[in-house]
Amino acid sequence: MTKVIKFTKMHGAGNDYIYINAMKYSIENPEKVSIAWSALHTGIGSDGLVLIGHSSCADFNMRIFNADGSEAKMCGNASRCIGKYLYEYGLTDKNTITLETLSGIKVLNLYLKDGKVDTVTVDMGIPSEEPVDYDGNGVKPMKDNSIEIEGKSFLGTTVSMGNPHLVIFVNDIKKIDIADVGPKLETHPLFPGRINVEFAQILNDEKIRMRVWERGSGITQACGTGACATAVAAAITGRAGNKSIIVMDGGSLLIEWNTITKHVLMTGGATKVFDGEIDLDDI
């Protein structure tokens, strides 16, 4: 019997995913489905698959699968889109939603305009160190420490936002060949579990230009956790204050690192692209 699944394509700052109401539709092999549906020419085309489900400890649960089928712990852009999805499809009437993820429970605050979700602030939690053994003297976080790829040296800072990030500040982001360098840094021996890579250029005290190579997805238009990691890295290395606008290929996010609570707050929009139906049996 043919199994038709209804889906919604959404993006946050150009970071696009396929959203499925897993409370209504059961996806037995999400890894395989994500690979097939994310394909640009033969599928729907996306950075991955997001399943929205029930939770025993929060209002809802989120599972994220990258375009290569690997499961991600967290995605800030997807979290904002889920807030919009839940409210506008009538699955909740709350303006504040708790969301269970593999990196903990996140709190979404929805801001409405004309009855629609305009922007969403996500409490991304407290950033933590991402230790690596970069000098052979034991694991510790990188803070403007050297990392080499095929004779090229970069200064990297590691930050965890529930998933690992390597932030590299450069003088001119246009000169970085991310398609070449990104995968080599993602799979560098220092990071046996692979890592997300951000290249960032300071534009002024409150604005940072950033491009990302996402673990499991490659070059994407934006990365919410990457934007947070970049803002945190800029603050701890003295390049910026605790509030930054992160400008990415697909749009901008406001990131604020609260000095009292130590939590990182991410604010930005979410956009519905289209609804559709797809035959699960065709995979």
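The values are calculated or read from the model by the stated rules, or taken from the named source; none is laboratory data. Remember, predicted model here, so these are calculated numbers, not experimental data. In this analysis, Cβ positions are derived from the backbone assuming ideal geometry, glycine residues included, and neighbour counts consider all displayed protein chains.
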Task: Sole residue being within 19 Å of Thr121 (Cα to Cα) and either touching a residue at least 12 places away in the same chain (Cβ under 8 Å) or in the same structural domain as Cys75 (by TED's automatic domain parsing) (or both), chosen from Ala222, Ala233, Ala240 - done: Ala222
TODO: Select from the range 235-260 the residues that are among the small types (Gly, Ala, Ser) and more than 16 Å from the chain's Cα centre (by Cα) and write down the one among them that is surrounded by the most Cβ atoms within 10 Å (Cβ to Cβ).
DONE: Ser244
Open item on the list: Going through Ser79, Ser38 one at a time, which residue ends up being at pLDDT 95 or above, of a type outside the set (Phe, Trp, Tyr), over 27 Å from Pro127 (Cβ atoms) and crowded, with 20+ Cβ neighbours inside 10 Å?
Closed with: Ser38
TODO: Please find, among Glu214, Glu186, Glu198, the residue that is touching a His at 6+ places or on another chain (Cβ under 8 Å), in the same structural domain as Glu148 (by TED's automatic domain parsing) and either closer than 22 Å to Leu49 by Cα or not aliphatic (A, V, I, L, M) (or both).
DONE: Glu198
Open item on the list: Looking at the range 147-173, I want the residues that are touching a residue at least 40 places away in the same chain (Cβ under 8 Å) and have a partner that is in a loop (DSSP other than H, G, I, E, B) and among the hydroxyl-bearing types (Ser, Thr, Tyr) with Cβ atoms under 8 Å, at least 6 apart or on another chain. Which pairs are those?
Closed with: Ile147/Tyr134; Thr157/Thr237; Met161/Ser103; Gly162/Ser103; Asn163/Ser103; Phe169/Thr237
TODO: Using the structure shown, decide if Thr42 is of a type outside the set (A, V, I, L, M, F, W, C) and either in a helix (DSSP H, G or I) or in contact (Cβ under 8 Å) with a residue 12 or more places away in the chain (or both).
DONE: no
Task: Matching option when the condition is touching a residue at least 12 places away in the same chain (Cβ under 8 Å), buried (at least 21 other Cβ atoms within 10 Å of the Cβ) and closer than 28 Å to Ile255 by Cβ, among Val50, Val33 - done: Val50
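State all residues of the range 95-109 that are of a type in the set (Ser, Thr, Tyr) and part of a strand (DSSP E or B); if no residue qualifies, say none.
Narrowing the range 95-109 to residues of a type in the set (Ser, Thr, Tyr): 96, 98, 101, 103.
Hits for the range 95-109 are Thr96, Thr98, Thr101.
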Open item on the list: If the requirement is being closer than 18 Å to Ala72 by Cα and surrounded by fewer than 15 Cβ atoms within 10 Å (Cβ to Cβ), which of these qualifies: Gly136, Gly162, Gly193?
Closed with: Gly193
TODO: Scan the range 261-277 residue by residue and report those that are surrounded by fewer than 19 Cβ atoms within 10 Å (Cβ to Cβ) and closer than 30 Å to Trp37 by Cβ.
DONE: Thr267, Thr271, Lys272, Val273, Phe274, Asp275, Gly276, Glu277
- [ ] Inspect all residues belonging to the range 211-231 and state whether any of them is assigned to a strand (DSSP E or B), more than 22 Å from Val181 (Cβ to Cβ) and modelled with pLDDT of 95 or more.
- [x] no
- [ ] Determine which single condition Thr92 fails, assuming it passes every other condition in (1) farther than 25 Å from Asn29 by Cβ; (2) among the β-branched types (Val, Ile, Thr); (3) in a strand (DSSP E or B).
- [x] (3)
Open item on the list: Give me the strands (runs of 3 or more DSSP E) completely within the range 110-188, filtered to those with at least 2 residues that are at pLDDT below 95, ordered by residue number.
Closed with: 145-149, 152-160
Open item on the list: Taking the conditions exactly as written (within 27 Å of Asn109 (Cα to Cα) and in a strand (DSSP E or B)), does Lys272 satisfy them or not?
Closed with: yes
